[in-house]
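One structure is given here, and the rest of the page talks about it.
The values are calculated or read from the model by the stated rules, or taken from the named source; none is laboratory data. Predicted model only: the values in this text are computed from it and were never measured. Cβ placement follows ideal geometry from the backbone for every residue including glycine, while neighbour counts extend to all protein chains displayed. Calculation scope for accessible area: heavy atoms of the full protein, side chains included, ligands and nucleic acids excluded. Shrake-Rupley method; radii C 1.70, N 1.55, O 1.52, S 1.80 Å.
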Amino acid sequence: MANFAPAVHNDASPFADMRGHHVAVRAPDYEIAKRWYVEKLDFRVMAEWDYGDQKLAFVAPATDDHFHVEILGGGQPVPQEARPYADFGGSLTYAGYHHFCLEVASIEQTIASLNARDVPIVAGPFVVDVIRRRIAFFSDPFGNLIEIAEVLA
């Protein structure tokens, strides 16, 4: 499978034990966010708990036990309008969190499944030759972008 050539491991690093685990998304409505990931993407609820006046959950893709999205909800989040950009190109001009990526076997089949579940595609698909990927973007109900990527041979 074509992929990135791995850089040499730095086993001497004091951080050599670090591994990716999750990305957190602060949702203005916890139940809507959790239901969207479960119903639209078939994510599984791996854990759910209270933290003060907030609700949190780890949700994971249908067959991936190593990557999670942490949904943070409840409490008194500062009121915030939806993302200010109107299109994908405009999204690239803002600093800070932009998206997380999920690899898929077939971008066309994934897009067809997303469309069947009324999840609109924000951008793509298009090929990024330098990383040998065909990618597309969609968003959750609150405007948070999610990338899907198919590795090209």
Legend entry - Cβ pairs under 8 Å, 6+ apart, first in the range 12-24 and more than 16 Å from Y37 (Cβ to Cβ) and hydrophobic (A, V, I, L, M, F, W, C), second part of a loop (DSSP other than H, G, I, E, B) and open to solvent by 50 Å² or more (accessible area, probe 1.4 Å): A16/H9; A16/N10
Inset, instruction - Scan the range 53-68 and report the pairs whose first residue is outside the structural domain of E103 (by the TED database) and within 18 Å of E31 (Cα to Cα) and whose second residue is assigned to a loop (DSSP other than H, G, I, E, B) and modelled with pLDDT under 95, with Cβ atoms within less than 7 Å and a gap of 6+ or a chain change. - result: D53/G75; Q54/G75; H68/H21
Inset, instruction - Restricting attention to strands (runs of 3 or more DSSP E) lying wholly within the range 92-153, give those where 3 or more residues are touching a residue at least 40 places away in the same chain (Cβ under 8 Å) and out of contact with any Pro (no Cβ under 9 Å at 6 or more places or on another chain). - result: 99-103, 145-151
Inset, instruction - Would you be able to tell me the number of residues in the range 43-62 that are surrounded by fewer than 18 Cβ atoms within 10 Å (Cβ to Cβ) and part of a strand (DSSP E or B)? - result: 10
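Hey, could you check the range 118-153 for residues that are under 21 Å from L72 (Cβ atoms) and of a type outside the set (D, E, K, R) and say which is most open to solvent (accessible area, probe 1.4 Å)?
That would be P141.
Tell me, please, whether a residue that is of a type in the set (V, I, T) and within 26 Å of I131 (Cβ to Cβ) can be found in the range 15-25.
Within the range 15-25, the first condition is being of a type in the set (V, I, T), and the residues that meet it are 23, 25.
From what is left, the residues that are within 26 Å of I131 (Cβ to Cβ) are 23, 25.
Scanning the range 15-25 turns up at least one residue that is of a type in the set (V, I, T) and within 26 Å of I131 (Cβ to Cβ).
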